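The values are calculated or read from the model by the stated rules, or taken from the named source; none is laboratory data. Computed from a predicted structure; not experimentally measured. Neighbour counts are summed over all protein chains in view; Cβ atoms, including those assigned to glycine, are modelled from backbone coordinates with ideal geometry.
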Amino acid sequence: MKTQYLLGNEAIAYGCLEAPVDFVTGYPGTPSSEVVEVLRDVPDRDYYLEWSVNEKVALENALAAAWCGLRAICTMKHVGLNVAADALMTSAYTGVTGGLVVMSADDPFAHSSQNEQDSRCYALFSRLPCLDPSTIQEAHDMARDAFALSEQFSLPVILRPTTRVCHSKGDTVTGERARSTRKGEFHRDPRQYVVIPAHTRALHPKLNEKQPAIRKALVERGYNTAVIRGPLAVVASGIAAAYVQEVLPADVSLIKIGAYPVDEEWLAAQVSRHEKVLVIEELHPVVEETVRQVAKGVPVSGKKDGVVPYEGELSTAAVAAIMKSFGITPTQAYPAVAPVADLPQRPPILCAGCMHRPVFYAMRRVFRDGIYPSDIGCYTLGLQLGAVDTTICMGAAVTIGSGISHAGEERDVVATIGDSTFFHSGIPGLLNAVYNGARMVLVILDNRITAMTGHQPNPGTGVTVCGAAAPQVSIETICRACGVSWVETVDPYDLASLMATLRAAKEQPGVKVVIARQPCVITARRANLRRGRFEVDPGVCTACGVCIGFGCPAIEKRDEKAFITGLCSGCGVCAQICPAGAIRKETRTEGSR
Amino acid sequence: MSESFDVLLVGIGGQGIILASNILGEACIAEGRSVKGAETHGMAQRGGSVEGHIRIDGKFGPLVPPGSARLIIAFDMLEALRYAHFLAPGGTIVSNNRFVVPTSVYMQGAPVPDEAAIRERLSSRPLCVVDAEGIAGEAGNPLSQNVAMIGAASRFLPLKPASLLGAVEKLVPKKTVETNRRAFEMGRAAGERCGGGKAGA
């Protein structure tokens, strides 16, 4: 036992080591990615570990391992569970032999996500047990114990931390790492693993019959607890429970929900001891709906009567304000303060030298009235450059693009998608677009890495998560195999070639693919690639503003003229767009700032 | 109920805020104290405004409530102003003397923020301005600015300098330990010149 300062995701990884885990899969997604990375960095790993190409693939691999008797975890962000849902729903019927933990990290306030969906709804939907940690310590302990829980009921268990658990830190007590000793073995059992209608009709009641015992076990294991202190009670789940505990007066009861399904009999007994109760939880009113069902005349407040918001994330200060409006005086009063109003925003921005920027620049010039479906990755920031018209979910740049083209839109459709997103779920859309005769350009932004989530390798990188060499899958070959006859690869730092390639694509019929390839500027820097900086000759600069409009964070204005700062990574694209020819490779030896 | 000493670290993605907040967290562990913190990961790190919350002796939630930070450590002066409302009455802001103008300001032709104006707007609060770049350069490594800032802030933190230095040594790359130690000490001296002589015992 030792106390360490751990990130929530590190704590979850340590819990897996203590279980111990035998098999690890996942697809990167904020806020879930570090679990796999921490498990990768463990010395002398004795478990299998992979970054899968998408969450469905990750879950099915992990499920197979669990069918073979191994303890497996599969990690993803909440929206990844949509991709994996097909496997998830029926895995509840087949069950598992080895413990299977499906970690789906929710993101209240959508810090890095396209929506605020609540993974607990999947737990109710699939009838799988779900653990909902309120602290890093709980996340660690739940991860450690979830495998045994899964084996107790022969069911996958969903672990649902939120951003403020995954990406918060704290003093955490961890135990000894255990060694993985299991060897997977598949025992043929078609009635369990072949879900033809006859078999699945028998499996469904078995899933339902497990529910009462699960509900009881979650109370017995101490995940759902009640401390009765007075006539008023707060029911809280997940990290909201930590916020509540910080400001809860000593005479108010706390009913803490850390796991689902909640035992309704137990909950009814706790609620009935109070005059009224307040339910505080983030996102969907999962707990509140159960409390309302069992309250039998005890007034319940929460989201449904407008006391607690449905959207966004909570905080200690927000919870204190909610309690106050309900009639509980919190132990802390927080001042009402407001940020200064008129500061320029500082949104995230594509890096200096990012290969995506010249692609967006060129697209907007070659396809002036084009429609630009895009996808999920750093390049979504192309929104700031006016080159992203749609983003909905992984892989949808291709399918939204083909759909727009089939809808009768006559303008050029120019879709952008990253390499990892293309591997994840872009390929079927491309196959479909070709098959059904769409008219569009697909630009694959191939920076050889899954950059936004922290530079995880993918099938194009040539290396696995563990550092082993892997075949570098050819995106060109995949596109041709999908039936695309016009596939061109271009260096996005060579603006003239890039523009010429896009112009050529514009003239071609059908589905055209342009692969813009250049390593992510961050991985290039880490690999010690140095190109030398560029500088502006102030005597030549006409202050026309073209390079400023390019939007590179290394380009500033000084005395009305352009100035290139030390952020420059030497891509040289600004020198190619400067109409005055004022930008050139730096001749000074010192950095410019 | 909560008696935590709340610290907010603010700056721009890529400035080393996560490492800086880890130094505070590890120092708490070294002193056997509880600590909670939260930080920004993911896309927001790409040059965006980022924040790190550290609650020394914290036992519950990781987020510093607005108006409750006893100390704000700002790696960029514009960000110091953006988050100044987090400061508790009597709290201190330790800020880098530099700021980066957001690229969007130039792109949109918006007025460029002015250093004197930012300082003026911060001046109603106890403010310690530090030349982190100068210190880091003098210490021998421009990348040690974040450690220089922690050094300056250490005068206002309820953590022992030895605990903080121990955390620095544990967390920075081995070959940069010496330059980072210098950056910390020089930062600490700069913090002292701001009048931060009381805390840190």
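Condition check: modelled with pLDDT of 95 or more, buried (at least 23 other Cβ atoms within 10 Å of the Cβ) and within 14 Å of another protein chain (Cβ to nearest Cβ). Does A:Leu283 satisfy that?
no
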Single match in A:Ala259, A:Ala241 (criterion: touching a Phe, Trp or Tyr at 6+ places or on another chain (Cβ under 7 Å) and not assigned by TED's automatic domain parsing to the domain that holds A:Ser154):
A:Ala259
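To keep it simple, each residue is scored yes or no on (1) modelled with pLDDT of 95 or more; (2) over 23 Å from A:Ser425 (Cβ atoms); (3) in contact with a Ser or Thr (Cβ under 6 Å, 6 or more places away or on another chain).
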site: A:Gly454; (1), (2), (3): no, no, yes
site: A:Pro459; (1), (2), (3): yes, no, no
site: A:Pro471; (1), (2), (3): yes, no, no
site: A:Gly510; (1), (2), (3): yes, no, no
site: A:Val513; (1), (2), (3): yes, no, no
site: A:Gln518; (1), (2), (3): yes, yes, no
site: A:Arg525; (1), (2), (3): no, yes, no
site: A:Ala543; (1), (2), (3): yes, yes, no
site: A:Pro553; (1), (2), (3): yes, yes, yes
Please find, within region A:170-201, the residue that is surrounded by the most Cβ atoms within 10 Å (Cβ to Cβ) out of those that are over 13 Å from A:Tyr93 (Cβ atoms) and polar (S, T, N, Q).
A:Thr172
I'm told A:His78 meets every condition in (1) within 14 Å of chain B (Cβ to nearest Cβ); (2) more than 26 Å from A:Val173 (Cβ to Cβ); (3) free of Cβ contacts under 8 Å to residues at least 40 places away in the same chain; (4) of a type outside the set (Gly, Ala, Ser) except one. Can you identify the failing condition by its number?
(3)
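Any idea which of A:Leu278, A:Leu232, A:Leu314 is touching a residue at least 12 places away in the same chain (Cβ under 8 Å), touching a helix residue (DSSP H, G or I) at 6+ places or on another chain (Cβ under 7 Å) and farther than 20 Å from B:Pro62 by Cβ? It would help to see each step written out before you state the result.
Working: A:Leu232 fails: touching a helix residue (DSSP H, G or I) at 6+ places or on another chain (Cβ under 7 Å); A:Leu314 fails: farther than 20 Å from B:Pro62 by Cβ.
The unique qualifying residue is A:Leu278.
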Quick check on my filter: what residues within region A:312-342 are closer than 20 Å to A:Pro108 by Cβ, part of a loop (DSSP other than H, G, I, E, B) and at the interface with another protein chain (Cβ under 8 Å from one of its Cβ atoms)?
A:Ser315, A:Tyr334
Which of the residues spanning region A:185-225 are farther than 19 Å from A:Leu63 by Cβ and not in a helix (DSSP H, G or I)?
A:Arg221, A:Gly222, A:Tyr223, A:Asn224, A:Thr225
Scan region A:113-140 for residues that are aromatic (Phe, Trp, Tyr) and assigned to a loop (DSSP other than H, G, I, E, B) and jot them down.
none
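Residues are listed down the side, and each one gets a yes or a no for (1) out of contact with any Leu (no Cβ under 8 Å at 6 or more places or on another chain); (2) under 25 Å from A:Arg558 (Cβ atoms); (3) among the hydroxyl-bearing types (Ser, Thr, Tyr):
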| site | (1), (2), (3) |
| --- | --- |
| B:Tyr106 | yes, yes, yes |
| B:Pro111 | yes, yes, no |
| B:Ala139 | yes, no, no |
| B:Ser154 | no, no, yes |
| B:Pro161 | yes, no, no |
| B:Lys174 | yes, no, no |
| B:Val177 | yes, no, no |
| B:Phe184 | no, no, no |
| B:Gly195 | yes, no, no |
Filtered residues of region B:54-75 (kept if buried (at least 24 other Cβ atoms within 10 Å of the Cβ), more than 8 Å from chain A (Cβ to nearest Cβ) and either out of contact with any helix residue (DSSP H, G or I) (no Cβ under 7 Å at 6 or more places or on another chain) or touching a residue at least 60 places away in the same chain (Cβ under 8 Å) (or both)):
B:Arg55, B:Ile56, B:Ala69, B:Leu71, B:Ile72, B:Ile73, B:Ala74, B:Phe75
Checking A:Ala110 against (1) without any contact (Cβ under 8 Å) to a residue 40 or more places away in the chain; (2) of a type outside the set (Lys, Arg); (3) more than 13 Å from chain B (Cβ to nearest Cβ); (4) part of a loop (DSSP other than H, G, I, E, B), which single condition isn't satisfied?
(3)
Of everything in region A:226-245, what is crowded, with 24+ Cβ neighbours inside 10 Å and either part of a helix (DSSP H, G or I) or among the aliphatic types (A, V, I, L, M) (or both)? Give them in sequence order.
A:Ala233, A:Val234, A:Val235, A:Ala236, A:Gly238, A:Ile239, A:Ala240, A:Ala241, A:Ala242, A:Tyr243, A:Val244
Checking A:Cys482 against (1) of a type outside the set (Ser, Thr, Tyr); (2) surrounded by 15 or more Cβ atoms within 10 Å (Cβ to Cβ); (3) within 21 Å of A:Cys578 (Cα to Cα), which single condition isn't satisfied?
(3)
If a residue must be facing another protein chain (nearest Cβ under 9 Å), in a helix (DSSP H, G or I), surrounded by fewer than 24 Cβ atoms within 10 Å (Cβ to Cβ) and among the small types (Gly, Ala, Ser), how many such residues does region B:8-51 contain?
2
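When you check A:Ala92 against the structure, is it part of a helix (DSSP H, G or I) and more than 20 Å from A:Leu124 (Cα to Cα), yes or no?
Numbers: part of a helix (DSSP H, G or I): yes; more than 20 Å from A:Leu124 (Cα to Cα): no.
No.
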Could we say that A:Ile349 is in a loop (DSSP other than H, G, I, E, B), aliphatic (A, V, I, L, M) and touching a Gly at 6+ places or on another chain (Cβ under 7 Å) here?
yes
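Residue-wise test of (1) within 22 Å of B:Ile12 (Cα to Cα); (2) crowded, with 24+ Cβ neighbours inside 10 Å.
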residue: B:Val112; (1), (2): yes, no
residue: B:Ala136; (1), (2): yes, yes
residue: B:Asn146; (1), (2): yes, yes
residue: B:Val168; (1), (2): yes, yes
residue: B:Pro173; (1), (2): yes, no
residue: B:Val177; (1), (2): no, no
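Tell me the helices (runs of 4 or more DSSP H) entirely within region A:496-593 that contain at least 1 residues that are touching a helix residue (DSSP H, G or I) at 6+ places or on another chain (Cβ under 6 Å) and crowded, with 21+ Cβ neighbours inside 10 Å. Quick ask: steps written out before the conclusion?
Working: elements: A:521-526, A:546-550, A:573-577.
Per the criteria, A:546-550, A:573-577.
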When only residues in region A:149-206 that are of a type in the set (A, V, I, L, M) and under 30 Å from B:Leu63 (Cα atoms) count, which is farthest from the chain's Cα centre (by Cα)?
A:Val173
Qualifying positions in region A:141-182 - part of a helix (DSSP H, G or I) and within 14 Å of chain B (Cβ to nearest Cβ):
A:Thr163, A:Arg164, A:Val165, A:Cys166
Among the residues of region A:35-48, are any within 14 Å of another protein chain (Cβ to nearest Cβ), touching a strand residue (DSSP E or B) at 6+ places or on another chain (Cβ under 9 Å) and of a type outside the set (A, V, I, L, M)?
yes
A:Ala146 surrounded by 21 or more Cβ atoms within 10 Å (Cβ to Cβ), over 21 Å from the mean Cα position of the chain (by Cα) and small (Gly, Ala, Ser):
yes
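So in region A:308-342, with the set limited to residues that are of a type in the set (Phe, Trp, Tyr) and modelled with pLDDT of 95 or more, which one is surrounded by the fewest Cβ atoms within 10 Å (Cβ to Cβ)? Steps first, please.
Kept after step one, since they are of a type in the set (Phe, Trp, Tyr), are these residues of region A:308-342: A:310, A:326, A:334.
Add one more test, that the residue is modelled with pLDDT of 95 or more, and what stays is A:310, A:326.
Numbers: A:Tyr310: 13, A:Phe326: 18.
Here the answer is A:Tyr310.
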In region A:556-568, is there at least one residue being touching a Leu at 6+ places or on another chain (Cβ under 6 Å) and outside the structural domain of A:Met363 (by TED's automatic domain parsing)?
no
